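Before any comments, here is the structure.
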Amino acid sequence: MNPIFLGAAAAIAWGAHDFAARFAGTRIGVLTTLLCVTATGLIALTLWLLLSGNGFPAWQPSHLWLIALMGAGFTLATLWLYEAITRGPFALVSPIVGAYPVTALMFALATGVRPSLSQWIAIAAVTVGVAIVAVAAREERLEAAVDEPANGFPYGHMSRETFRSVLMFSALSHLGFAISITAGQAAAPVYGELEATWLARIVGLAVITAVLIARRAARRVPLSWMPT
């Protein structure tokens, strides 16, 4: 499939994911939501591997560090994304997190990759898109400030502490996704795209389970929220 269509499909999937995660994270907790999402993804990928006939990836210990980096980076980035979108508006979070492909390409540049003209155009398009969303978010903040002049802060419904935490989690998520994508690009030729993603989900499930145990934050998930 054309990479443009794959990218568009990924964007639609991520958009639906983030929209649903905002509500689920608020209702059943960020960590529990991420545990359910990671487990569901692992089950779906396992079924895909079995039905596609590809089989499970061969054990290659020399490259497992890439899988570990890919899985842990993706899981922690998603966790930080959930923390950000349950604390602040999409208009603030999405420009920061959504620009991670630019950072991933900067990592590629550091390893000697030289982007083509079309890739530089794509970088410019992402940067312009981020700027458009950021400007729209600023206008929304100014309107909120007019509606709530007593607050004295452009984000009328957020305290400065919450605002700083949203920025911090958004930046961490941005970095985590960039690292995960970079590691995944290196792991895919070794294991295969589907196989590398499957292995990374196992790592991710282990990471989020460890975090849940450490924080003692496990919750019962209401059946009504399982479809979400």
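None of the figures in this text is laboratory data; all of them are computed from the coordinates on show. All values reported here derive from a predicted model rather than from experimental measurement. No Cβ is skipped: glycine too gets one built from the backbone with ideal geometry, and neighbour counts run over all protein chains shown.
Tell me, what is the percent relative contact order of the chain, built from C-alpha pairs under 8 Å that lie six or more residues apart? Worked out over the chain, it gives 39 percent. Where a ≥ b ≥ c are the square roots of the eigenvalues of the C-alpha gyration tensor, would you call the stretch 157-212 rounded, which needs a/c under 1.5, or, failing that, prolate if a/b is larger than b/c, or oblate? In terms of gyration-tensor shape, oblate.
For the stretch 1-52, the Kirkwood radius over C-alpha pairs fed into Stokes-Einstein at 4 °C and 1.567 mPa s yields D = 103 µm² per second. Placing one equal scatterer on every Cα of the stretch 61-134 and applying the Debye formula, the log10 ratio I(q)/I(0) at q = 0.15, 0.16, 0.21, 0.22 Å⁻¹ is -0.69, -0.76, -1.03, -1.06. First select every other residue whose beta carbon is under 10 angstrom from the beta carbon of THR32; then total the charges, Lys and Arg +1, Asp and Glu -1. Charge balance near THR32 sits at +3.
The alpha-carbon atoms of the chain define a convex hull whose volume equals 151 cubic angstrom per residue.
Within the chain, which DSSP H helices have Cα atoms that stretch 18 Å or more along the helix axis and a mean Kyte-Doolittle hydropathy of at least 0.0? Please list the in-between numbers first.
Numbers: long enough: 3-28 (35 Å, 0.84); 30-52 (32 Å, 2.07); 64-87 (34 Å, 1.24); 117-147 (45 Å, 1.07); 160-191 (46 Å, 0.70); 193-215 (33 Å, 1.37).
Result, helices passing both filters: 3-28, 30-52, 64-87, 117-147, 160-191, 193-215.
What the pair-distance distribution of the stretch 51-96 shows, using all Cα-Cα distances binned every 5 Å from zero, is 5, 17, 15, 14, 14, 12, 8, 11, 4 percent. Across the stretch 1-90, the volume of the C-alpha convex hull divided among the residues equals 126 Å³ per residue.
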